[in-house]
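For reference, the structure is listed below as structure tokens.
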Amino acid sequence: MEMPEGPSVKKFSLLASPFVGQMVMEVGGSSKQINLKNLKELWFHDCQVHGKNLFLAFGFDEREIVMSRPHETEQEGRSLEKVMDTGRDGIVLPQIKSQESKGPDADNLLQDADCTGPAVPEEPWRWLHFHFGLFGSVRANEFARAQRANKKGDWKDPSPRLVLHFDGGGFLAFYNCRMAWCSGPNTKPTYDILSVHFHRGQALEALCKPRLVCAILLDQRYFSGLGNIIKNEILYSSRIHPLSQGVLLPRKSAESLVDHALRFSSDWLHNKLQGQGLHYQVYMKEACPLGHQVLKESLGPRTGWKRLTWWCPDCQVLYT
Ligand SMILES: [Zn+2]
């Protein structure tokens, strides 16, 4: 099981978007990372997805602020700085426990890479940055149910980190995610594999570096939203061995890899929205579609983070 990749987070944002414009009536959940009570009576202002990161904007109703200003009343003790309840140094985020992530992980640079950290508020709303862990998800108007019994044999439903009840009567439930206030998304859509602004030239340039292809693909600075499942599948589709050096890839292979990254992600999103699964070629498979034995091993740079990788040594060419 993997952490949610771009297409999953895009689906979460599509579930949350219909609630934009509504007010948070009640807040629930188990998260201790932010003061959940502070979300109460804020307006859900906007929703954006950047790679594997989801950003929701909350603020006071602008009309409300204008109306109450002449009287200097209730709004006074309730500034957005207080809502964010962060000091100038920001907050240290606890790590999500994961079976797979043991080493340093680009994802853990949550605040530095994807977010402009707590800053001087200029706008009447603030962004809540969500980063999803293993089995992380968002559900609209339903709670997640237990998929299997736990070690004690109980069928205990997962407990949401955050539940937002809106004045329209519906609710959103967030599972296994880290949350932090920030002043806005700080990622470039030109690197987002699901963005219409994705820039092919930039992606090709990033691919042709003297690094392992399997590591470049997972680098969120260049392929935002691309995760381990997409990596395994598109390397197979492009007939490229995961340990190939980017700089040695033939131009055609690099272009094929970018094409497959875009096509696979949008197909995956499309399937998700239809409620359908995806058919994998090598990920978690024992044989490739041509019947060769698929190998499985943790691969990555010698000193860097290694990820479980599936590949077919017969179909995929090693460029070294
Ligand atoms: Zn094969």
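The values are calculated or read from the model by the stated rules, or taken from the named source; none is laboratory data. Since the model is a prediction, treat every value here as computed from it, not as a measurement. Don't worry about glycine lacking a Cβ; one is built from the backbone with ideal geometry, like all the others, and counts go over all protein chains shown. Remember, those area values only see protein heavy atoms, side chains included, never the ligands or the DNA or RNA. Shrake-Rupley method; radii C 1.70, N 1.55, O 1.52, S 1.80 Å.
Exactly one of these conditions fails for GLN281: (1) within 16 Å of the ligand (Cβ to nearest atom); (2) open to solvent by less than 50 Å² (accessible area, probe 1.4 Å). Give me its number.
Checking GLN281 against (1) within 16 Å of the ligand (Cβ to nearest atom); (2) open to solvent by less than 50 Å² (accessible area, probe 1.4 Å), the one that fails is (2).
Quick one: which of GLU255, GLU297 is closer than 24 Å to PHE198 by Cβ and either within 16 Å of the ligand (Cβ to nearest atom) or outside the structural domain of LEU54 (by TED's automatic domain parsing) (or both)?
Values: GLU297 fails: closer than 24 Å to PHE198 by Cβ.
On inspection, the qualifying residue turns out to be GLU255.
Only one residue in LEU262, LEU226 is outside any helix (DSSP H, G or I) and out of contact with any Pro (no Cβ under 8 Å at 6 or more places or on another chain). Which one?
Numbers: LEU262 fails: outside any helix (DSSP H, G or I).
LEU226 is the lone residue from the list that is outside any helix (DSSP H, G or I) and out of contact with any Pro (no Cβ under 8 Å at 6 or more places or on another chain).
Residues of segment 305-320 being more than 11 Å from the ligand (Cβ to nearest atom), in contact with a strand residue (DSSP E or B) (Cβ under 7 Å, 6 or more places away or on another chain), within 19 Å of SER256 (Cβ to Cβ) and not in a strand (DSSP E or B), which ones?
Residues satisfying the conditions are TYR319, THR320.
Of all residues in segment 157-170, how many are more than 23 Å from the chain's Cα centre (by Cα) and either surrounded by fewer than 10 Cβ atoms within 10 Å (Cβ to Cβ) or not in a loop (DSSP other than H, G, I, E, B) (or both)?
2
Could you list, in sequence order, all residues of segment 284-294 that are near the ligand (Cβ under 10 Å from one of its atoms), of a type in the set (A, V, I, L, M, F, W, C) and open to solvent by 50 Å² or more (accessible area, probe 1.4 Å)?
Of everything in segment 284-294, just one residue is near the ligand (Cβ under 10 Å from one of its atoms), of a type in the set (A, V, I, L, M, F, W, C) and open to solvent by 50 Å² or more (accessible area, probe 1.4 Å), namely LEU290.
Got a sec? Which of ILE229, ILE234, ILE240 is touching a Lys or Arg at 6+ places or on another chain (Cβ under 9 Å) and either buried (at least 19 other Cβ atoms within 10 Å of the Cβ) or more than 21 Å from GLU5 (Cβ to Cβ) (or both)? Full working, then the answer.
Working: ILE229 fails: touching a Lys or Arg at 6+ places or on another chain (Cβ under 9 Å); ILE240 fails: touching a Lys or Arg at 6+ places or on another chain (Cβ under 9 Å).
Going through ILE229, ILE234, ILE240 in turn, the sole match is ILE234.
Pairs only if they're at least six apart or on different chains, beta carbon under 8 angstrom, first in segment 14-34 and surrounded by fewer than 16 Cβ atoms within 10 Å (Cβ to Cβ), second among the polar types (S, T, N, Q); list them, first residue then second.
SER30/SER159
(1) among the basic types (Lys, Arg); (2) within 22 Å of the chain's Cα centre (by Cα); (3) within 16 Å of the ligand (Cβ to nearest atom): which one isn't true of LYS272, the others all being true?
(3)
Here is a check on your reading of the model: is GLY201 small (Gly, Ala, Ser) and open to solvent by 30 Å² or more (accessible area, probe 1.4 Å)? Working first, answer last.
Details: small (Gly, Ala, Ser): yes; open to solvent by 30 Å² or more (accessible area, probe 1.4 Å): yes.
So GLY201 passes the test.
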